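The values are calculated or read from the model by the stated rules, or taken from the named source; none is laboratory data. Note that this is a predicted model, so its numbers are computed, not measured. Glycine also receives a Cβ, built like all others from the backbone with ideal geometry; neighbour counts cover every protein chain displayed.
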Amino acid sequence: MTTKTRQPRGITGVRLGYIPPGSDEWRKYMTASKIAAVMGHSPYESRFSLWHTMAGTVPPKPQTEEMSRGNLLEPAICAWWQDQHPDVKLYRTGMYRHPNIDFAAATPDRIIRYGTGEEPRLLEAKTANNAWEWGAEGTDEIPPYYYDQVIWQLGVTGLTTCHVAVLLSSLTFREYEVAFNADYFAEMVTEATEFMRQVRAGEKPSIDPLDGHMDTYRAVRYLHPDIEIETVEVPQSLAMQVQCAVIDKERNDKEMNALKSQLTELMGTAKDAEFNGVKVARRQAKGDGNPYIIIQPGLKRAELILEEDTAA
């Protein structure tokens, strides 16, 4: 793969130097990796946890195995994409700032240069565990949190097209193309402007009663590390919600046990259970113990499309 370090012309964003993640300088910018949390689309960060990270009251989330995998495979995914497009050159890049929005920044994976006078484009390399989150190849049907990231990058750099190359868990590649959406970028800028104002003003967010994000829980646990010998009176509404959650969990546990019993009876000695080619569950055992049922992780209704649904 031909990967250049020289910066191609055509970008309106202002080139920044290296900014260490988690540093005071890093907290000044709303980057493409953060914007999805502000928009409420990120599975990795909540708006609440991002506020505290940006304010410096909670440390940045440590790198996960998924993030490490993505970093390691990025060059290979870019190499695959260039193999499909041998007429282009890819350029490594750094962080850019929007020329008119002081807090808006982005670090694209690669910049694409055609060498024919065409406007440069962006390339993003992704890995994915869940193929169902990705639409038909060649479209812009990518997961919402990646769509936020791509539109933010295009808005910051001033470019109009981003190609997204993804390596799926089945070790197959796909390619998508996303065009700049000016209206959506303006919406994100509005949300990010208010978010950054709140961070700079020290306006601590409250926890939304409907915020079930794991990173909100991670952040609030970090914020309250001590245990004192005291008792707090819980509002009735919160106490009743806790009670309902406990009852729902007990009911769900019973329903799951019933489903596992039915699956075990149906499967007999079979290892796997499928519907329309989609794995639903498997049987496995530890040591000499009796086999038990494992429900397929991340199973979504979209994967179990019934014949009557498609015929409708």
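Evaluating E177 against the criteria (1) surrounded by 10 or more Cβ atoms within 10 Å (Cβ to Cβ); (2) part of a helix (DSSP H, G or I); (3) within 25 Å of the chain's Cα centre (by Cα) leaves one unmet condition, (2). Among the residues of this structure, S49 does not count as one that is hydroxyl-bearing (S, T, Y) and free of Cβ contacts under 8 Å to residues at least 60 places away in the same chain. Residues in the stretch 137-157 that are within 16 Å of M30 (Cα to Cα) and touching a Gly at 6+ places or on another chain (Cβ under 7 Å): V156, T157.
Taking the stretch 100-127 as the range and being part of a loop (DSSP other than H, G, I, E, B) and under 17 Å from the mean Cα position of the chain (by Cα) as the test, the residues that pass are T107, P108, D109. A search for C-beta distances below 8 Å between a residue of the stretch 1-23 that is assigned by TED's automatic domain parsing to the domain that holds E74 and any residue that is at pLDDT below 85 and surrounded by 12 or more Cβ atoms within 10 Å (Cβ to Cβ), counting only pairs 6+ apart in sequence or on different chains, returns R15/Q7. Selection over the stretch 61-95 of residues that are touching a Pro at 6+ places or on another chain (Cβ under 6 Å) and closer than 24 Å to S23 by Cβ gives a count of 1. When we screen G202, G212 for residues that are out of contact with any Leu (no Cβ under 8 Å at 6 or more places or on another chain), modelled with pLDDT under 90 and not β-branched (V, I, T), the only hit is G212. What residue, among those in the stretch 180-228 that are surrounded by 15 or more Cβ atoms within 10 Å (Cβ to Cβ) and part of a loop (DSSP other than H, G, I, E, B), is nearest to the chain's Cα centre (by Cα)? The extreme case among them is H213.
Among the residues of the stretch 60-76, is any farther than 30 Å from T216 by Cα and either in contact with a helix residue (DSSP H, G or I) (Cβ under 7 Å, 6 or more places away or on another chain) or outside the structural domain of V166 (by TED's automatic domain parsing) (or both)? No, the stretch 60-76 has no match at all.
Of the candidates S49, S42, the single residue that is part of a loop (DSSP other than H, G, I, E, B) and not aromatic (F, W, Y) is S42.
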